Structures are given as C-alpha cells and as structure tokens.
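The values are calculated or read from the model by the stated rules, or taken from the named source; none is laboratory data. Keep in mind it's a predicted model, so treat the numbers as computed, not measured. Cβ coordinates were reconstructed from backbone atoms using ideal geometry, including for glycine residues, and neighbour counts include every protein chain displayed. With ligands, DNA and RNA removed, areas are computed over all heavy atoms of the protein, side chains included. Shrake-Rupley method; radii C 1.70, N 1.55, O 1.52, S 1.80 Å.
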Amino acid sequence: MFVPGSPAGIAFYVEFPAEPSRGLPRTERFHGSIFVGEEVTGRFVPAKAQYIGQLELLAALTPYTSLGGKLKGRRVVHWIDNTSAIAVLCKGYSAAPDSARILQACAVLRLDLDCPIWFQW
C-alpha cells in the first residue's frame, strides 16, 4: 500500500509477437519500472489516505509514453491487475480530478498513436 512520503513503484511489460510481414522477424519484449516519488504524488489531490487508483492509471500510461513509436498503428491488448483502473479507462471518466487528468493524457496518447486498445483483467 502507498504510504505518503515514501516512493511507490510502477512497472510494465510489453511483448510484440513476431510479424514477418511488418518487418518483425522475432518476438520482442520490453519492460520498465520506476519508483514514483513525492515530486509526482505531491501533485495528486492532497489529504487522501491512498493513491492506488492514480498510481495504477499512471502505470497504465507508462508503456505508451515509453514505447510510443513501436505501438503506433498497432492493435493492443492491455492487461491491468486493478479493476478500478480498467473501469476508468474503459468508460473514459473519473470523478477524481487527478485521475481524470491522467485519463485525459491516456486518451490523447491513444489518439496520437492510432492504436485501438482492448483492456483486460
């Protein structure tokens, strides 16, 4: 659980199956992780007991900011282990202002990358 004042970790794993017709002769795998410190969590709505929803959304955004060029024009199946994050991403709305900002960034990236996404739990 996230404790204010301590870093939280987020991570992603992406696999691109081999597609010889697109110039990808073998499967490629990428992963990344980072600790999210106070410089980020301090921008969330203050005085909440936890920020797990915001951190899960931030983690969902990370592959698109990290591997955008490789995702452009591709169909994506995106697995997330948090049902609240999936619900927000699928319906495109969150009443929490900080979650709504992250969600807007996700929507802009999805449009820019032209990659339809299927979210799965």
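Pull out all pairs, ordered by first then second residue, where Cβ-Cβ is under 7 Å, the residues are six or more apart or on different chains, the first lies in region 42-66 and is among the small types (Gly, Ala, Ser), and the second is assigned to a helix (DSSP H, G or I) and open to solvent by less than 40 Å² (accessible area, probe 1.4 Å).
Filtered contacts from region 42-66: Gly53/Ala85; Gly53/Ser99; Ala60/Ala85; Ala60/Leu89; Ala60/Cys106.
Restricting to region 8-25, what's the tally of residues that are open to solvent by less than 80 Å² (accessible area, probe 1.4 Å) and either touching a residue at least 12 places away in the same chain (Cβ under 8 Å) or at positive phi (or both)?
Restricting attention to region 8-25, the residues satisfying the condition of being open to solvent by less than 80 Å² (accessible area, probe 1.4 Å) are 8-12, 14, 16-19, 23-24.
Filter once more, so that each one left must be either touching a residue at least 12 places away in the same chain (Cβ under 8 Å) or at positive phi (or both): 8-12, 14, 16, 23.
Of the residues in that region, 8 qualify.
So how many residues does region 26-51 have that are over 18 Å from Gln104 (Cα atoms), at pLDDT below 90 and open to solvent by 20 Å² or more (accessible area, probe 1.4 Å)?
The number of residues fulfilling the criteria is 8.
Please specify each residue of region 52-79 satisfying the condition of being in a helix (DSSP H, G or I), among the aliphatic types (A, V, I, L, M), closer than 21 Å to Asp114 by Cα and open to solvent by 30 Å² or more (accessible area, probe 1.4 Å).
Within region 52-79, just Leu58 meets the criteria.
Would you confirm whether or not region 80-96 contains a residue that is surrounded by 18 or more Cβ atoms within 10 Å (Cβ to Cβ), among the small types (Gly, Ala, Ser) and in a helix (DSSP H, G or I)?
Yes: one or more hits.
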